[in-house]
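S.K.: Dropping a structure here in structure tokens format, bear with me for questions.
The values are calculated or read from the model by the stated rules, or taken from the named source; none is laboratory data. These figures come from a predicted structure and were not determined experimentally. As a convention, Cβ positions derive from the backbone with ideal geometry for all residues, glycine included, and neighbour counts pool all protein chains shown.
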Amino acid sequence: MPVLINFKICDNSEDCSGIEVCPTKAFYWDKKNKTIAVDNSKCTNCGKCEEACPVDAIRVARTEEECEKIKKEIDEDPRKVSDLFIDRYGAQPIHPAFLIPQSEFDVQILRSTKPAVVELFNNDSIECMLRSIPIKKLVEDVDVKYRKIEAKDNSLLEKYGVKELPALLFFRDGKLAGKIEGYYDVEKKEEIIKKVNEIISEIR
Ligand code: SF4
């Protein structure tokens, strides 16, 4: 019977405790696809991986019936992986007021009458969620427009030469006036805040 993983609540890390405890190496890190995986042909259904998971994301099915039941529970689980990042790691939830579709970039950012700061991110990336700083706090005292856009394709990344997400792009009068890529590192928080404020003061 298979081991089932609920990726809606799993951070899919190379450090997964399931890998550490599995006595047969059935539970492993798939380097090529960058995901945890299970070779069910090596699995003995011992249940150690299931016990080791702190959030019950790993489930070991012991009968066909149980397997179907678990699959259904996973399918119907209303949680999203972004909730996990927010709850478990304190990532910044995205306030809907700041989120705009990529199609509104020209109108809301390039044609903005005030300086604009846009954060491009990938919603499926734990790095993006964790590195997303509470920019609202940074810019609430200055008159800039702040928006977030999920980069669903490469068009904006290519246009503005962005190589790493999340990225903060600063615009004035429709022109790129500053850029910080992959900008948040807890160790460098103060340094980054200083840099953001410097760019904002230059473009105001
Ligand atoms: S049930 Fe046991 S053997 Fe199977 S993947 Fe989990 S830890 Fe490994």
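S.K.: Identify, by number, the condition in (1) under 25 Å from the mean Cα position of the chain (by Cα); (2) among the charged types (D, E, K, R); (3) in a loop (DSSP other than H, G, I, E, B); (4) within 13 Å of the ligand (Cβ to nearest atom) that Arg59 doesn't meet.
M.R.: Among (1) under 25 Å from the mean Cα position of the chain (by Cα); (2) among the charged types (D, E, K, R); (3) in a loop (DSSP other than H, G, I, E, B); (4) within 13 Å of the ligand (Cβ to nearest atom), Arg59 violates only (3).
S.K.: Which pairs have Cβ atoms under 6 Å, sit 6 or more apart or on different chains, and link a residue in region 15-33 that is in contact (Cβ under 8 Å) with a residue 12 or more places away in the chain to one that is more than 6 Å from the ligand (Cβ to nearest atom) and part of a loop (DSSP other than H, G, I, E, B)?
M.R.: Thr24/Lys42; Ala26/Asp39; Ala26/Lys42; Trp29/Glu14
S.K.: Which residues, counting only those in region 151-204, are at pLDDT 85 or above and among the polar types (S, T, N, Q)?
M.R.: Asn154, Ser155
S.K.: What tally of residues in region 38-56 results from selecting those that are among the aliphatic types (A, V, I, L, M) and within 10 Å of the ligand (Cβ to nearest atom)? Please lay out each step first, then the result.
M.R.: Taking region 38-56 and keeping what is among the aliphatic types (A, V, I, L, M), we get 38, 52, 55.
After this cut, where a residue has to be within 10 Å of the ligand (Cβ to nearest atom) as well, the list is 38, 52.
Counting residues in region 38-56 that are among the aliphatic types (A, V, I, L, M) and within 10 Å of the ligand (Cβ to nearest atom) gives 2.
Residues are listed down the side, and each one gets a yes or a no for (1) at pLDDT below 85; (2) not small (Gly, Ala, Ser):
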{"position": "Phe85", "(1), (2)": "yes, yes"}
{"position": "Tyr89", "(1), (2)": "yes, yes"}
{"position": "Gln92", "(1), (2)": "yes, yes"}
{"position": "Pro96", "(1), (2)": "yes, yes"}
{"position": "Gln102", "(1), (2)": "no, yes"}
{"position": "Thr113", "(1), (2)": "no, yes"}
{"position": "Ala116", "(1), (2)": "no, no"}
{"position": "Ser125", "(1), (2)": "yes, no"}
